[in-house]
Amino acid sequence: KLSNIFDYIKAYNAITPKDLVDRVESSEIPKVLDMYNQYNKILKQKNLMEYQDQINLIVQLVENGDEILQQYNYKHIIVDEFQDTDTMQLDLIMFLSNQPAFESLMVVGDDAQSIFGFRNTSQENILNFHLMFDEVKDIKIVENFRSTPEIIALANALNDYNTQKIDKKLVSGLKHGEIPHLIAFNSYEDEYEFMAKKIKALLKEG
């Protein structure tokens, strides 16, 4: 739980008690912030940094107008997995795209594959891309070579229930296969037990 809170603090610069009222019991906030500071002190002593630290340190360079940033005057920028960017990563992209030499930005992503919300990423970045950048051109790649038409049909049907999305229909490039079956679970434990039994059964067959 502390690890998740520390990630949140770093991703949103939530370093005051007011920033944490929705995530930590009020009486525990001072302790959490104290442990957070101790944790970062240990990281620094061991000359270590986390993934989010890399972004934060670059953003600090941006805010301080450090001369080293002149080395990052790129003409063309490509960002992969754009659906899983967070606020600070978006700020960094904005900064790089506003440099004098900048000519083009290409992002690759799929709003339906935004799965890292627990890491404080935001699907809104890809949904609102047209509002944040000018002269945007969409290139939709909808052909799928991983899944059969039956699986793709099911994926499209499920995605139809999603109200926050970019409209598109996937098309399979493979031959027809078996009709997939949906299975619902009441808990993670039930799901784990099912997978374990399924693996054992397949091993016996194999």
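The values are calculated or read from the model by the stated rules, or taken from the named source; none is laboratory data. Nothing here was measured: the structure is a model prediction, and the numbers come from that model. Cβ coordinates were reconstructed from backbone atoms using ideal geometry, including for glycine residues, and neighbour counts include every protein chain displayed. For accessibility, only protein heavy atoms count, side chains too; no ligands or nucleic acids. Shrake-Rupley method; radii C 1.70, N 1.55, O 1.52, S 1.80 Å.
For the chain, the longest principal axis of the C-alpha atoms and the axis of helix 2-12 are separated by about 70°.
Remark on residue 144: its backbone amide H falls under 5 Å from those of 171, 172, 173, a criterion applied only to residues 5 or more positions apart or on other chains, H modelled at 1.01 Å from N. The convex hull around the C-alpha trace of the stretch 70-116, projected and averaged over every direction, spans 3.4 square nanometres. As a fraction of the 1.4 Å probe accessible area of the chain, surface on carbon and sulfur atoms comes out at 54 percent. Here the calculated FRET efficiency for residue 181 and residue 115, from their Cβ-Cβ distance with R0 = 22 Å, stands at 0.50, rounded to the nearest 0.05. Summarising the amide proton neighbourhood of residue 79: residues at separation of 5 or more, or on other chains, whose placed amide H is nearer than 5 Å comprise 106, 107, 108.
Of interest is the spacing of the C-alpha centroids, which for the stretch 172-206 and the stretch 22-43 amounts to 41 Å. Each residue of the stretch 87-97 is assigned a 3J(HN,Hα), and the resulting list reads 4, 5, 5, 5, 4, 5, 4, 4, 4, 5, 7 Hz, derived from the Karplus form 6.51 cos²θ - 1.76 cosθ + 1.60 (θ = phi - 60°), x at Gly and Pro. Other residues with beta-carbon under 13 Å from the beta-carbon of residue 109 carry, at +1 per Lys or Arg and -1 per Asp or Glu, a net charge of -4. Only one of (1) 33; (2) 53; (3) 37 was calculated from the structure for percent of Cα pairs over 27 Å apart, and its label is (2).
Compared with the rule-of-thumb size 2.2 N^0.38 Å for a compact globular protein, the stretch 36-119 has a Cα radius of gyration ratio of 1.28.
Per residue, the accessible area of the chain comes to 76 Å², computed with a 1.4 Å probe over protein heavy atoms only.
Using Cβ point charges alone (K and R +1, D and E -1), the dipole size of the stretch 1-147 about the Cα centre works out to roughly 540 debye.
Taking Lys and Arg as +1 and Asp and Glu as -1, the other residues whose beta-carbon sits under 15 Å from that of residue 168 total -3.
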